[in-house]
Amino acid sequence: MDAPSRKRLTLLGVAWPLFVEQFLRMLIFSVDQWMLGGVSDSAAAAVGTGAFQVVILTIIIFNFVAIGASVVITHHLGAGDRAGAARISATAMGVNTWIGLAVSAVVASLAPYILQLQGVPAPMFPYARTYLTILGATLFLDAQNLAMMAVLRAHGRTRDSMVVSGAVNVISVTGNAAVLFGIIGRAHLAEQGLRAVAGVAISGVLARVVGFVILRLLVARRTGIWLKWRDYVAFPTREVWRILRIGLPAAGENASYWGALMFVTGFVARLGATSFVVFNYTRQAVMLTVVSFAIAIGLGTEILVGHLVGAGKFDEAYHRLLRSLRTGLLIVGATTAALFLARGQVFRIFTHDPAVLQGCATLLLVELVIEPGRVFNIVVINSLRATGDALYPVLMGACSMWLLWVPLSWFLAFHTPLGLTGVWIAMAADEWLRAGMMYWRWRRRGWLENARRSHAHIAALAAPEVAENA
């Protein structure tokens, strides 16, 4: 095991690898779609519609253990209790293995029925079924990889998870190229598409296997944690509950957001093909750039605040969040402005349709208002979670999303001349309402009782081990 670092964790040192990791994670599905588009538009659309939504749902399921474990681990490490951190890490990896195996079995065996429920069009159905069946059978690798990345991040080893994400992407793209260049010209068009989809899926699986092996070695080297067979079958109830107390509300918040987004996407689809294309291109550009920065700063702040709560430094944690907010607003504001100024060059990568380009430009104007609010949400919610205050964000967030964002999107889209722009205005209203509620919670220190309780619990658990080692 590497000796624990004596260097103080900094936001920049923790967050920049997280940005690269988030960017690569969001990029990989776009790359799969783009490469498959050279063989078959239907194959590319099948991966982007049928499979992507299922993968997002499974990531939400796997992440409730990873997120909860990451927060609890930072508390133990902040208190200097490495043994407690190791117990939580082993429990998280063991539990996520079984969750992953169960989800893999369900998705692989029920892939056709899942796709039918999604309403995947008949021309795309064979491609989507092939991709989802292969990918579904190996989703347990994603479950374990997410848990191990959470363990590394909690220990401040964000560069390790970044390097693994980079390696997985390189292997996947290289495998895609080998498969696609080997298929084109050797089969009929329909057969090309099916072979290409199967090859891309297998390439992704091999990349995940390599990622799994590297992560297991890194976790052992960086933390000294080697999973034993009993870690896969004996789950301490106390540790599991502590993980779920943070992780389940976090998963609920993510599920609420994606559920609301699916409703809003349905509204956009009714506005016509051009609006739908503008919606997708704008979201993709914003997610790959602006939102990746916000998520990285949010996760980095969560790690720092979690360590401070574990150490009982509540006032320092309070001010750490405020400094992170200033940094996030500056970076995201500059990035959003740059994206707006470069909108012509960016969106001409995807299209030259004047109507689409004008629509994207209009939405980016609204994004200048949306993104500062999103920074508040992402950074403050992650910090509230790091203090143990996990229930407030999901309750307030669900109220805002379903009582404001969804109905206001419907009203502005169909009962005013705003159309798609109205959907974006509704999104801005939701982001800023939630931002105000989360910031108020932090400034009023409504999280402090949860933070004190978390710290006291860690201190009580660590005390016997300290006395034993004395």
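The values are calculated or read from the model by the stated rules, or taken from the named source; none is laboratory data. As the structure is a computational prediction, the values presented were derived from the model and not from experiment. With ideal geometry, Cβ positions are generated from the backbone for all residues, glycine too; neighbour counts draw on all protein chains shown.
Descriptive notes on the structure:
- Listing of helices (runs of 4 or more DSSP H) fully contained in the range 373-459 that carry 2 or more residues being out of contact with any helix residue (DSSP H, G or I) (no Cβ under 7 Å at 6 or more places or on another chain), surrounded by fewer than 17 Cβ atoms within 10 Å (Cβ to Cβ) and of a type outside the set (Phe, Trp, Tyr): 391-400, 420-443
- Arg129 being surrounded by 20 or more Cβ atoms within 10 Å (Cβ to Cβ), charged (D, E, K, R) and more than 30 Å from Arg222 (Cβ to Cβ): yes
Conditions (1) crowded, with 18+ Cβ neighbours inside 10 Å; (2) within 30 Å of Arg157 (Cβ to Cβ), marked per residue:
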site	(1), (2)
Gln284	no, yes
Val290	yes, yes
Ala294	yes, yes
Asp315	no, yes
Tyr318	yes, yes
Ala337	no, no
Gly344	no, no
Arg348	no, no
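- Residues that are assigned to a helix (DSSP H, G or I) and closer than 19 Å to Thr74 by Cα, drawn from the range 223-243: Thr223, Arg238, Glu239, Val240, Trp241, Arg242, Ile243
- Residue within the range 181-204 that is within 21 Å of Val65 (Cβ to Cβ), of a type outside the set (A, V, I, L, M, F, W, C), crowded, with 22+ Cβ neighbours inside 10 Å and at pLDDT below 90 present: no
- In the range 7-23, the residues that are farther than 19 Å from Val286 by Cβ reach residues that are buried (at least 17 other Cβ atoms within 10 Å of the Cβ) and hydrophobic (A, V, I, L, M, F, W, C) with C-beta atoms within less than 6 angstrom, at least six apart or across chains, in these pairs: Leu9/Leu304; Val14/Ile303; Pro17/Met162.
- Arg323 in contact (Cβ under 8 Å) with a residue 60 or more places away in the chain, surrounded by fewer than 18 Cβ atoms within 10 Å (Cβ to Cβ), over 30 Å from Phe411 (Cα atoms) and in contact with a helix residue (DSSP H, G or I) (Cβ under 9 Å, 6 or more places away or on another chain): yes
- Matching residues in the range 102-128 - criterion: being closer than 22 Å to Ile61 by Cα, without any contact (Cβ under 8 Å) to a residue 60 or more places away in the chain and in contact with a helix residue (DSSP H, G or I) (Cβ under 9 Å, 6 or more places away or on another chain): Ala102, Val103, Ser104, Ala105, Val106, Val107, Ala108, Ser109, Leu110, Ala111, Pro112, Gln116
- Residue within the range 142-155 that is farther than 18 Å from Ala90 by Cβ and in a helix (DSSP H, G or I) present: yes
- Restricting the search to helices (runs of 4 or more DSSP H) fully inside the range 267-355 and requiring at least 1 residues that are closer than 30 Å to Gly78 by Cα and hydroxyl-bearing (Ser, Thr, Tyr) gives 292-310, 314-341.
- Among the candidates Ala177, Ala147, residue that is surrounded by fewer than 20 Cβ atoms within 10 Å (Cβ to Cβ) and among the small types (Gly, Ala, Ser): Ala177
- Checked across the range 96-115, the condition of being at pLDDT 90 or above, crowded, with 24+ Cβ neighbours inside 10 Å and touching a His at 6+ places or on another chain (Cβ under 9 Å) holds for no residue.
- Enumeration of residues in the range 1-55 that are modelled with pLDDT under 70, charged (D, E, K, R) and not in a helix (DSSP H, G or I): Asp2, Arg6, Lys7
- Residue check, Ala285 closer than 24 Å to Val369 by Cβ and touching a Phe, Trp or Tyr at 6+ places or on another chain (Cβ under 9 Å): yes
- Residue list for the range 272-314, filter: more than 23 Å from the chain's Cα centre (by Cα) and at pLDDT 90 or above: Leu308, Val309, Gly310, Ala311, Gly312, Lys313, Phe314
- Unique residue being under 26 Å from the mean Cα position of the chain (by Cα) and at pLDDT 85 or above when the list is Leu227, Leu215: Leu215
- Total residues in the range 116-126, condition surrounded by fewer than 16 Cβ atoms within 10 Å (Cβ to Cβ) and not in a helix (DSSP H, G or I): 2
- Test: residue in the range 400-412 that is over 30 Å from Val65 (Cα atoms), hydrophobic (A, V, I, L, M, F, W, C) and in contact (Cβ under 8 Å) with a residue 40 or more places away in the chain: yes
Results for (1) among the hydrophobic types (A, V, I, L, M, F, W, C); (2) without any contact (Cβ under 8 Å) to a residue 12 or more places away in the chain; (3) within 30 Å of Arg270 (Cβ to Cβ), shown as yes or no for each residue.
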site	(1), (2), (3)
Ala390	yes, no, no
Met396	yes, no, yes
Pro417	no, yes, yes
Met427	yes, no, yes
Met438	yes, no, no
Trp442	yes, no, no
Arg445	no, no, no
Ala460	yes, yes, no
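- Residues being closer than 27 Å to Ile378 by Cβ and out of contact with any helix residue (DSSP H, G or I) (no Cβ under 8 Å at 6 or more places or on another chain) - total across the range 218-258: 1
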